[in-house]
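The values are calculated or read from the model by the stated rules, or taken from the named source; none is laboratory data. It should be emphasised that the depicted structure is a prediction, and the values quoted were computed from it without experimental measurement. Cβ: placed from backbone, ideal geometry, glycine included. Neighbour counts: every protein chain shown.
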Amino acid sequence: MATWLDGSKVSTGRSCVDRRDADGLRGWLEGFGDDGAKRLKALNERDEDGRTMLHWAATTGDVRIVEILLKYDAKIDVSDEEGTTVLHSACACDHEKVVRLLLDKLAVDNGDAAVQKLVRAGTSSKITALHYAAGRGNVMLIQLLAQAQAKINAGDKYGNTPLFRAVGKNHNEAASLLISLGADVERENKAGDTVMHIACENGNDRIVRQLIDLNGMELLEVQNEDKKTPLDVVDTNYKKQLIMFLQGGG
């Protein structure tokens with residue numbers, strides 16, 4: 001990889017990203033002079049896992065570093081060996097500003113179709129950026145990704161949608177937002193579970209009531225692959241409260 005000298009110290013672009021050294025990174029990039037092709041190749045070089053400098057910058061969330069990399073045309077629509085994109089990396093770590101930078105830059109350079117493709121991209125496990133945002137309970141990111149035409153009901157390799165992730169982590173605000181955006185509350189994953197199974201198992205009264213308000217009692221009757229309904233897997237500490245509610249006393 002190309003290097004540049006700073007006194008007696010030799011730095012590489014990757015080490016500058018790791019140290020969050022914006023000045024060092026800028027100097028390293030400028031050190032290529034007029035050799036734009038060589039700079040671009042070094043900028044987008046992959047490590048042993050197929051990750052680029054922009055992957056790592058998106059993970060750290062350092063806006064200055066990301067801005068510099070994007071200024072010099074770091075590739076945005078790139079994924080590592082497991083299909084993880086830079087957008088996945090940013091969403092998995094709650095870096096909203098980085099997500100905005102990535103989507104805005106991609107829209108300007110390649111158009112809305114490229115943005116939609118990136119937003120809908122899945123890892124090798126079919127996990128999308130929206131899955132990560134939902135799992136973190138990040139309402140702002142969910143809204144941002146939905147505006148960019150993310151698939152609300154995309155399923156991962158287990159058939160779990162972003163709503164499953166939000167409910168599984170008891171992120172009620174995120175779950176409610178996803179439902180308002182059209183998340184399918186009747187969807188079953190590959191084990192036959194619905195989000196009602198997950199909510200009951202977690203003892204999440206708010207989501208259980210919301211699901212009942214939307215679909216009545218039908219979801220409480222759905223059996224998974226083990227022939228168990230949500231009432232069969234309900235959290236023992238929550239069961240009495242749920243029964244009282246169903247009987248109209250809570």
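Taking segment 227-241 as the search range and keeping residues that are among the charged types (D, E, K, R) and loosely packed, with under 12 Cβ neighbours inside 10 Å, which one is modelled with the lowest pLDDT? Step through it out loud before you land on a result.
Filtering segment 227-241 down to residues among the charged types (D, E, K, R) leaves 227-228, 232, 235, 239-240.
Next, from what is left, pick out any that are loosely packed, with under 12 Cβ neighbours inside 10 Å: 227, 240.
Details: K227: 97, K240: 87.
Residue satisfying both the conditions and the ranking: K240.
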What is the one condition in (1) under 20 Å from K190 (Cβ atoms); (2) touching a Leu at 6+ places or on another chain (Cβ under 6 Å); (3) assigned to a helix (DSSP H, G or I) that A146 does not satisfy? (1)
Name the residues in segment 16-31 that are closer than 25 Å to L103 by Cβ and surrounded by 15 or more Cβ atoms within 10 Å (Cβ to Cβ), would you? C16, V17, A22, L25, R26, L29
Closer than 26 Å to S125 by Cβ and either among the basic types (K, R) or assigned to a loop (DSSP other than H, G, I, E, B) (or both): is that true of G155 in this structure? yes
Residue satisfying condition, being modelled with pLDDT of 95 or more, surrounded by 23 or more Cβ atoms within 10 Å (Cβ to Cβ) and more than 19 Å from G216 (Cα to Cα), within set A134, A191, A175: A134
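Please verify whether Q147 is without any contact (Cβ under 8 Å) to a residue 12 or more places away in the chain, closer than 19 Å to D94 by Cα and not basic (K, R), treating the condition exactly as stated. It would help to see each step written out before you state the result.
Details: without any contact (Cβ under 8 Å) to a residue 12 or more places away in the chain: yes; closer than 19 Å to D94 by Cα: yes; not basic (K, R): yes.
Taking the combined requirement at face value, the residue satisfies it.
Out of segment 91-106, which residues are within 15 Å of A74 (Cα to Cα) and crowded, with 16+ Cβ neighbours inside 10 Å?
Correct list: V98, V99, L101, L102, L103, K105, L106.
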M244 passes all but one of the listed conditions (1) exposed (fewer than 15 other Cβ atoms within 10 Å of the Cβ); (2) within 30 Å of G122 (Cα to Cα); the exception is number (2)
Looking at segment 32-75, which of the residues that are assigned to a loop (DSSP other than H, G, I, E, B) and of a type outside the set (D, E, K, R) is surrounded by the fewest Cβ atoms within 10 Å (Cβ to Cβ)? G33
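Kindly evaluate V78 against the criterion of being over 20 Å from W56 (Cβ atoms), surrounded by fewer than 24 Cβ atoms within 10 Å (Cβ to Cβ) and either in contact with an Asp or Glu (Cβ under 9 Å, 6 or more places away or on another chain) or β-branched (V, I, T) (or both). Walk me through how you get there before you give the answer.
Details: over 20 Å from W56 (Cβ atoms): no; surrounded by fewer than 24 Cβ atoms within 10 Å (Cβ to Cβ): yes; either in contact with an Asp or Glu (Cβ under 9 Å, 6 or more places away or on another chain) or β-branched (V, I, T) (or both): yes.
Criteria not met by V78.
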